[in-house]
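Accompanying notes for the structure given below.
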């Protein structure tokens, strides 16, 4: 973990930070035109500063073809994200995943990171709009930094 | 008024059946609870929503767009400009050189035009995403 100095009203405080990723996996071969909900439970030990959004969709469970760069699929799937503790939605309508999620090479970087309180819970609602576009595996990854305050380890 | 909180937010407007040689318009209503600070623009284009597209053959729509801020009544562009020139995607979004504020209760009007002359350039669905932050001020 990396030490970080955070200014506070009572003086600078040294905290520990750690790069961390949460992920949301959709069910394998999830069907089209059917809403699927998944929860993202943030861990209780620390707040989380979300900095990058990425996704990966695999067309097939096996075979080298599914790994080929030219078969790096764009999902026909939309997502709606809602913070269940505040009831606040992060978008006015569902958005296509490829609009706000990137890849490991080219992640979507939040210009101003989002601080998410420990124990928060997000509700993600997915809808695959394609008729014949059922992915084998689709994963969203939320990468950022865990902030360990003094007294935590 | 002082800024008291900022929260990540995405406004999206969807257009369907954007046929070659036709124009459409749509509105995004900025919600009353906060101003909106626009920072990034992305677009997703599906000529056929029932087809699977890969990153390597991502579609660049033959569509122009004009954006109007109803709050000031100003156009954002001198003339309608090609969508791929000011909209990116999640991997490479278009980042505004200076963030733009849209006041609460204002409307963003989008006028798009598919300038192609061939039905192969028809679009099943195109979504424009305005990515930024809600700005909550004291009193909001």
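Where a number appears in this text, it was derived from the coordinates with a stated rule and is not lab data. Because the structure is predicted, anything quoted here is derived from the model rather than measured. Neighbour counts run over all protein chains shown; Cβ positions are idealised from the backbone, glycine included.
I need to check one value: relative contact order of chain B, counting alpha carbon pairs closer than 8 Å and at least 6 residues apart, in percent.
Computed value for chain B: 52 percent relative contact order.
Please give the peptides A:135-145, B:64-74 ranked by average Cβ packing (other Cβ atoms within 10 Å per residue), highest first, as a rough proxy for protection.
Ranking, from highest mean packing down: A:135-145, B:64-74.
Just counting partner chain Cβ atoms within 10 Å, what average do the residues of peptide B:55-67 show around their Cβ?
For peptide B:55-67, the averaged partner shielding equals 2.
Taking the C-alpha atoms of the protein assembly as shown, how large are the radius of gyration and the largest Cα-Cα span, Dmax, in Å?
20.2, 67
With label points built 7 Å along Cα→Cβ from the Cα atoms of residue A:35 and residue B:23, find their separation and express it in nm.
3.6 nm
Please check: in the Gaussian network model of chain B (C-alpha springs, under 10 Å), which one of B:39, B:52, B:31 has the largest mean-square fluctuation.
Largest GNM mean-square fluctuation: B:52.
Is any residue of segment B:51-78 close enough, with backbone N under 19 Å, to a label point placed 7 angstrom from the Cα of residue A:131 along the Cα-Cβ axis, and if so, which?
Hits in segment B:51-78 for residue A:131 at 19 Å: B:51-54.
Arranged by the count of other C-beta atoms within 10 angstrom, fewest first, what order do A:58, B:46 take? Please report the intermediate quantities before stating the final value.
Working: A:58 17, B:46 22.
By the 10 Å Cβ count, ascending, the order reads A:58, B:46.
Please find, in a Gaussian network model of chain B (springs between Cα atoms separated by less than 10 Å), the residue of B:41, B:76, B:60 whose mean-square fluctuation is greatest.
Greatest mean-square fluctuation among the candidates belongs to B:76.
Name the residue, out of B:20, B:50, B:79, whose mean-square fluctuation peaks in a Gaussian network model built on chain B with Cα pairs under 10 Å.
Looking only at B:20, B:50, B:79, the largest GNM fluctuation is found for B:50.
Give me the inter-chain shielding for A:101-113: mean count of other chain Cβ atoms within 10 Å, whole number please.
5
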